[in-house]
Amino acid sequence: MPIGRRLALTAKTVGSAFNSALSGQGGSVPAWLILSALKNGQWSTQLDLARSLAIEGPTLTRHLDNLERAGLVRRVASEADRRAVRVEITEAGEEAHQRMWSAVGAFNRQLASGMGKDDLREFERVLGRLEDNARASMRAG
């Protein structure tokens with residue numbers, strides 16, 4: 001089986017299982033990614049957040065609408081640039097993130113079961129190489 005096909009199918013399976021694990025804590029993969037990015041406080045505007053997650057602005061807007069309705073985030077007009085919108089995690093968002101974090105840990109342990117530290121280091125190395133090769137392929141494109 002070609003590596004790309006195998007990787008795509010595996011990513012789909014892992015993504016679905018990850019989403020299922022998060023849904024048990026009232027979350028989803030997009031909610032987890034957004035709340036994690038906000039918790040780390042790296043992104044000052046909605047546009048920066050979309051870029052950091054490699055998703056389109058309208059897709060992020062839809063997710064933020066849902067998270068805002070749930071009280072997990074709030075959007076605030078930027079004082080520095082009236083066109084920009086900052087996204088902040090709320091106290092309820094912090095609590096939801098913490099609940100999801102426990103599901104992430106359990107899922108990670110399940111995913112890594114049967115693999116030792118050396119296996120996981122090698123896996124990370126190979127994934128990094130695959131990502132580098134894919135990026136080179138897109139540039140050569």
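The values are calculated or read from the model by the stated rules, or taken from the named source; none is laboratory data. Given the structure is predicted, the values throughout are model-derived calculations rather than measurements. Heads up, the Cβs are rebuilt from the backbone with ideal geometry, glycines too, and the neighbour counts pull from every protein chain shown.
Whether any residue in the stretch 4-13 is in a helix (DSSP H, G or I) and either surrounded by 18 or more Cβ atoms within 10 Å (Cβ to Cβ) or touching a Ser or Thr at 6+ places or on another chain (Cβ under 6 Å) (or both) is what I want to check.
The answer is no, given that none of the residues of the stretch 4-13 is in a helix (DSSP H, G or I) and either surrounded by 18 or more Cβ atoms within 10 Å (Cβ to Cβ) or touching a Ser or Thr at 6+ places or on another chain (Cβ under 6 Å) (or both).
Which condition breaks for Gln46 when tested against (1) out of contact with any strand residue (DSSP E or B) (no Cβ under 9 Å at 6 or more places or on another chain); (2) modelled with pLDDT under 90?
Gln46 satisfies all of (1) out of contact with any strand residue (DSSP E or B) (no Cβ under 9 Å at 6 or more places or on another chain); (2) modelled with pLDDT under 90 except (1).
Based on what the data block shows, is Leu49 over 14 Å from Ile89 (Cβ atoms), part of a helix (DSSP H, G or I) and either under 14 Å from the mean Cα position of the chain (by Cα) or not hydroxyl-bearing (Ser, Thr, Tyr) (or both)?
no
Do we find a residue being more than 13 Å from the chain's Cα centre (by Cα), modelled with pLDDT under 95, of a type in the set (Gly, Ala, Ser) and not in a strand (DSSP E or B) anywhere in the stretch 25-33?
Yes, that holds for at least one residue.
In the stretch 52-67, how many residues are farther than 15 Å from Ile89 by Cβ, surrounded by 15 or more Cβ atoms within 10 Å (Cβ to Cβ) and at pLDDT 95 or above?
Going through the stretch 52-67 one residue at a time, the tally reaches 0.
Please work out which residue is nearest to the chain's Cα centre (by Cα), limiting yourself to the stretch 123-141 and to residues that are small (Gly, Ala, Ser) and closer than 28 Å to Ala112 by Cβ.
Gly128
Could you please find all residues in the stretch 68-99 being surrounded by 13 or more Cβ atoms within 10 Å (Cβ to Cβ) and of a type in the set (S, T, N, Q)?
Ser78, Thr90
Condition test on Lys39, is it loosely packed, with under 14 Cβ neighbours inside 10 Å and under 25 Å from Asn108 (Cβ atoms)?
Answer is no for this residue.
Give the residue, chosen from Ser36, Ser16, Ser23, Ser28, that is of a type in the set (S, T, N, Q), touching a residue at least 60 places away in the same chain (Cβ under 8 Å) and under 29 Å from Thr90 (Cα atoms).
That would be Ser36, the only listed residue that is of a type in the set (S, T, N, Q), touching a residue at least 60 places away in the same chain (Cβ under 8 Å) and under 29 Å from Thr90 (Cα atoms).
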